[in-house]
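Peer 1: Once you've had a glance at the structure underneath, I'll fire off some questions.
The values are calculated or read from the model by the stated rules, or taken from the named source; none is laboratory data. Just so you know, these numbers come straight off a predicted model, no measurement behind them. Cβ coordinates were reconstructed from backbone atoms using ideal geometry, including for glycine residues, and neighbour counts include every protein chain displayed. Calculation scope for accessible area: heavy atoms of the full protein, side chains included, ligands and nucleic acids excluded. Shrake-Rupley method; radii C 1.70, N 1.55, O 1.52, S 1.80 Å.
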Amino acid sequence: MKKIVLDTYEEVSRAAADIYTRQLKEKPGSVLGLATGSTPLGLYAELVRRYQAGEIDFSRARSFNLDEYYPIGGDHPQSYKYFMYENLFNRINLADSQLPDGEAGDPRAECKRYDAAIEAAGGIDLMLLGIGHNGHIGFNEPASSYSMGTHYIDLTESSIAANSRFFTDGGTQPVKALSMGVGAIMESKSVLLIITGAGKAAIAKKLFEGRIYTDVPACFLLLHPDATVIMDRAANGG
Ligand code: GLP
């Protein structure tokens, strides 16, 4: 795993955008794996800026997002679909973008459909990941066994608590989700993990011990042949 530590969040966002810029120059038809959360917001803003400046073109690329709450409508402001359209898809020219459908009638059938769509696209070229405070990637929560494919999952108390700040309007916060599994993440040709802020320093430290903690899903990335972590100084312990 390649580790890059930069001073600020802005530098991290620009360095991550450089990886996307290079990826799309080398392979304009790339399949991009995308993530939500506050961490990639700076990266998405930088990609939008570069697109508007004519420095990057997504017209032949497509994307698959990691996860979505279940059940949730795509027009719900806290749905990951809404987040992605607001922050990225409405502002760039991606040829196609998919997320697991939080409104699917049969969530397990939706998981199968999603995996088949990723496979039909040829798998993911560059997978973007953030990390939860408990070490989750996507919504692969700490557990003793992990699903390889997209799966229908109960969120842990820790993830529900971490995300409750977004559900303050009195609406019900979903306690389940649809998440890409560890298999699709590990089969991605390359992985880019962004870790920023002092609040992630403890989990980052654990990850960089270099051991495979079976209750820290991000540790799987230590086994990936082309994984890069970009972090700011705060996440690296200051
Ligand atoms: C959610 C998402 C993850 C994301 C995590 C961290 O739980 N399912 O994909 O990495 O939040 O979010 P943040 O970047 O806001 O810390």
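Peer 1: May I have the extent of the alpha carbons of segment 1-97 along their three principal axes, as whole Å values ordered from largest to smallest?
Peer 2: Cα spread of segment 1-97 along its principal axes, largest to smallest: 36, 31, 27 Å.
Peer 1: May I pose another question? With every protein chain present, what accessible area does D169 have (1.4 Å probe, heavy atoms only), rounded to the nearest 10 Å²?
Peer 2: Accessible area, nearest 10 Å²: 110 Å².
Peer 1: Specify whether the C-alpha gyration tensor of the chain places it in the rounded, prolate or oblate class, a ≥ b ≥ c being the square roots of the eigenvalues: rounded for a/c under 1.5, otherwise prolate if a/b is larger than b/c and oblate if not.
Peer 2: Working: a/c = 1.27, a/b = 1.04, b/c = 1.22.
Note, shape of the chain comes out rounded.
Peer 1: When ranked by the protection proxy of mean other Cβ atoms within 10 Å per residue, highest first, what sequence do the peptides 173-179, 157-163 form? Mind showing how you got there, number by number?
Peer 2: On the way: 173-179: 21.3, 157-163: 15.0.
Result, highest mean first: 173-179, 157-163.
Peer 1: Follow-up question, since we're still on this one. Pairs of Cα atoms under 8 Å, at least six residues apart: use those to get the relative contact order of segment 2-232, whole percent. Mind showing how you got there, number by number?
Peer 2: Values: 436 pairs, mean separation 59.2, N = 231.
Once divided by the residue count of segment 2-232, the mean separation gives 26 percent.
Peer 1: What number, rounded to the nearest 500 deg cm²/dmol, is the helix-based mean residue ellipticity at 222 nm of the chain, given -39500 (n - 2.57) per DSSP H run of at least four residues and division by all its residues?
Peer 2: Using -39500 (n - 2.57) per qualifying helix, the result is -8500 deg cm²/dmol.
Peer 1: Quick one: how many lysine pairs in segment 2-232 have C-alpha atoms under 24 angstrom apart, if they're 8 or more apart or on different chains?
Peer 2: Close lysine pairs under the 24 Å cut-off: 19.
Peer 1: Now, a different point. Per residue, how many Å² of accessible area does the chain show with a 1.4 Å probe?
Peer 2: Result: 45 Å² per residue.
Peer 1: Right, here's the next one. Need one number: nm distance between label points at D96 and I4, each 7 Å from Cα along Cα→Cβ, rounded to one decimal.
Peer 2: With each label placed 7 Å out from Cα toward Cβ, I get 3.0 nm.
Peer 1: If you don't mind, there's one more thing I want to ask. Once neighbouring chains are kept in place and the probe is 1.4 Å, which whole percent of the accessible area of segment 134-238 is contributed by carbon and sulfur?
Peer 2: Details: 2440 of 4610 Å².
Looking at segment 134-238 in its full context, I get 53 percent from C and S.
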